Amino acid sequence: MANSRDSGGQAEAVRVPLADGTLVAAPVEETSPLIASVLTLSDVYGTGYHAALKANVNPRTTVTVIGDGAVGLMAVLSAKRPGAERIILMGRHTDRTDLGRGFGATDVIAERGDEGIAKVRDLTGGDGTHVVLEAVGHMPAYQQAIGVVRPGGVISRVGVPQYEDAPVGFGSLCGRNITLTGGPAPARAYIETLLPAVLEGRVNPGKVFDREVDLDGIPGGYRAMDTRQALKVLARP
């Protein structure tokens, strides 16, 4: 059980399934400026971290992040955490890619498809990057990932695939020794790892929230994200 407050300010109980395993008591007050960053640990930050962890990003790694949504930006932050030497963010929304630079992106490429692939190749001396963190889930993003990863590299997908079939054969992955990994993020498992830096103010993932709504405003918040009018919406009771 968890407590919330109704419109009259009265405390009321909310039943949370499997609360013993899923709920974490936030060590901050509900009015704390850290709340937004703490909330990212339950979703987007944990997902971006999962992408980087599965790809074994390290200080010797060059990384391409495909997608400038909240998860893509958290993938940038997560690639910066272990000290990736170069992080290329592929996105075309300037307000978001500017935020990505603040999170650690060293380069931004707005072009897509073959043109975007060529840009990454140019930046990496024709090699491509060791790692691609794909945070979109559409086939063009997957094809772009294949195009920018170097031989022997890793594609880590955390964008939910909007397709059933994808090229994994000799000409696309197998013949170039490309590892394909990623998948749904066990965000709860990463909270204890990520929380200290948030509480100490060393990272501020809460910057991805650019709009706040009350409970009645949640449907409009989803519409705003769907139409790219908002990056991530925070709901407060």
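Taken together, the values in this text are just the output of simple stated rules run on the coordinates, not laboratory data. The model shown is predicted, which means the values in this text are computed figures rather than measured ones. Note that each Cβ is placed from the backbone with ideal geometry, even for glycine, and that neighbours are counted across all protein chains shown.
Here is how the numbers come out for the structure above:
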{"read-out": "Calculated FRET value between Asp214 and Arg60, using beta carbons and R₀ = 41 Å, to 0.05", "value": "0.30"}
{"read-out": "Residue of Tyr222, Tyr142, Tyr45 that the Gaussian network model of the chain assigns the largest fluctuation, springs spanning Cα pairs under 10 Å", "value": "Tyr222"}
{"read-out": "Within the chain, helix-based [θ] at 222 nm, where runs of 4 or more DSSP H residues each add -39,500 (n - 2.57), nearest 500", "value": "-10500 deg cm²/dmol"}
{"read-out": "Label zone at Gln162 (point 7 Å along Cα-to-Cβ), backbone N below 20 Å, the range 106-125", "value": "110-117"}
{"read-out": "GluC sites (Glu not before Pro) lying in DSSP loop within the range 136-237, provided at most 15 other Cβ fall within 10 Å", "value": "Glu164, Glu200"}
{"read-out": "Rounded to the nearest 20 debye, dipole of the chain from Cβ charges on Lys, Arg, Asp, Glu", "value": "580"}
{"read-out": "Relative contact order (percent, whole number), the chain, Cα cutoff 8 Å, 6+ residue spacing", "value": "19"}
{"read-out": "For the range 83-221: relative contact order, % (alpha-carbon pairs under 8 angstrom, 6 or more apart)", "value": "15"}
{"read-out": "Two-decimal Rg/Rh across the chain, once Rg and the Kirkwood Rh are taken from alpha-carbon atoms", "value": "1.01"}
{"read-out": "Residues whose placed amide H lies under 5 Å from that of Ala235, excluding near-sequence neighbours", "value": "Val213"}
{"read-out": "DSSP-assigned coil residues among trypsin sites (Lys or Arg not before Pro) in the range 130-237, each with at most 10 further Cβ atoms within 10 Å", "value": "Arg202, Arg228"}
{"read-out": "3J(HN,Hα) from dihedral phi, the range 173-182, Karplus parametrisation 6.51/-1.76/1.60, rounded to Hz, x for glycine, proline", "value": "10, 4, x, 9, 6, 8, 8, 10, 9, x"}
{"read-out": "Amide H contacts of Gly183 (H built 1.01 Å from N, under 5 Å, at least 5 apart or other chain)", "value": "Arg157, Val158"}
{"read-out": "Neighbour-count ranking [beta-carbon atoms within 10 angstrom, fewest first] of Ile191, Ile178, Ile109", "value": "Ile191, Ile178, Ile109"}
{"read-out": "Residues with amide H under 5 Å from that of Val108, placed H, sequence gap 5 or more", "value": "Leu89"}
{"read-out": "Integer Hz, Karplus 6.51/-1.76/1.60 couplings in order for the range 41-56, x for Gly and Pro", "value": "5, 7, 8, 5, 5, x, 6, x, 5, 4, 4, 5, 5, 5, 8, 6"}
{"read-out": "In order through the range 185-194: 3J(HN,Hα) via Karplus (6.51 cos²θ - 1.76 cosθ + 1.60), integer Hz, x for Gly, Pro", "value": "8, x, 4, 4, 5, 9, 4, 4, 6, 8"}
